[in-house]
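For reference, the structure discussed in these notes is given below.
The values are calculated or read from the model by the stated rules, or taken from the named source; none is laboratory data. These figures come from a predicted structure and were not determined experimentally. Neighbour counts are summed over all protein chains in view; Cβ atoms, including those assigned to glycine, are modelled from backbone coordinates with ideal geometry. Accessible surface is based on the protein model in full, side chains and every heavy atom, while ligands, DNA and RNA are left aside. Shrake-Rupley method; radii C 1.70, N 1.55, O 1.52, S 1.80 Å.
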Amino acid sequence: MITKDQLVFSQIAEEVATVINKSQLFQELLDNNKFLVRQAEQLKEVANCDALTGGLNRGAFMVTLARQIRASAAVGKTLGVIMADIDHLKEVNDTNGHAAGDLALREFTHRLSSALRQNDYLGRYGGEEFLILIDDTNADALPKIAERFRSIITASLGLAVVTDAAKSAQAVVAVADGALYAAKGGGRNRCVLAG
């Protein structure tokens, strides 16, 4: 025969077991949520990175550039955008194969990345063309910064200064691209600031 006390203890034990079970389920949910958050962060990183070089891919760079144009204009800062093209990469590919060209792209990215400041960005635009966003700079400082980059790599660089939010990211890149073609036309391995 079950006593009243035993019945109460049995009910308490069942409730404790239910609480423990729910607690375990809650912990599993927390662990699963943490895992999913990590997975989402990894997917976002993969989606924003160029698979070969590890820099930002074109889409991620353009989104970052548009955001930085607005943010800088809001506080009265100017930005610099540099379009860099590795000189003679086609000859490296043709002579030594695409694996050597890929190695050159990775080394180029590594060297530029190591020379960037904390708030600057590097992205691969396509092929052997890269974009560099220089935070808080002006038309006097940008050529010096670009020349420092050029001294550690072999590339032609086109420079553009962004002074207001009216220009779209695409328009700024087009200006830098025009300056890049002037640098290539002027003999390569040089920096040209858009006029």
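A count restricted to the range 152-176 and to residues that are of a type in the set (Ser, Thr, Tyr), at pLDDT below 95 and more than 14 Å from residue 68 (Cβ to Cβ) stands at 1. What about residue 156, is it of a type outside the set (A, V, I, L, M) and open to solvent by less than 40 Å² (accessible area, probe 1.4 Å)? So residue 156 passes the test. Taken over the range 166-195, the criterion of being of a type in the set (Lys, Arg) and in contact with a strand residue (DSSP E or B) (Cβ under 8 Å, 6 or more places away or on another chain) is satisfied by 184, 188, 190. Candidates in the range 120-137 are the residues that are among the acidic types (Asp, Glu) and free of Cβ contacts under 8 Å to residues at least 60 places away in the same chain; of these, the one that is farthest from residue 159 (Cα to Cα) is 128. With respect to being modelled with pLDDT under 75, surrounded by 10 or more Cβ atoms within 10 Å (Cβ to Cβ) and within 30 Å of residue 104 (Cβ to Cβ), residue 68 falls outside the description. Which ones in the range 10-65 are open to solvent by 70 Å² or more (accessible area, probe 1.4 Å) and outside any helix (DSSP H, G or I)? The one that is open to solvent by 70 Å² or more (accessible area, probe 1.4 Å) and outside any helix (DSSP H, G or I): 51.
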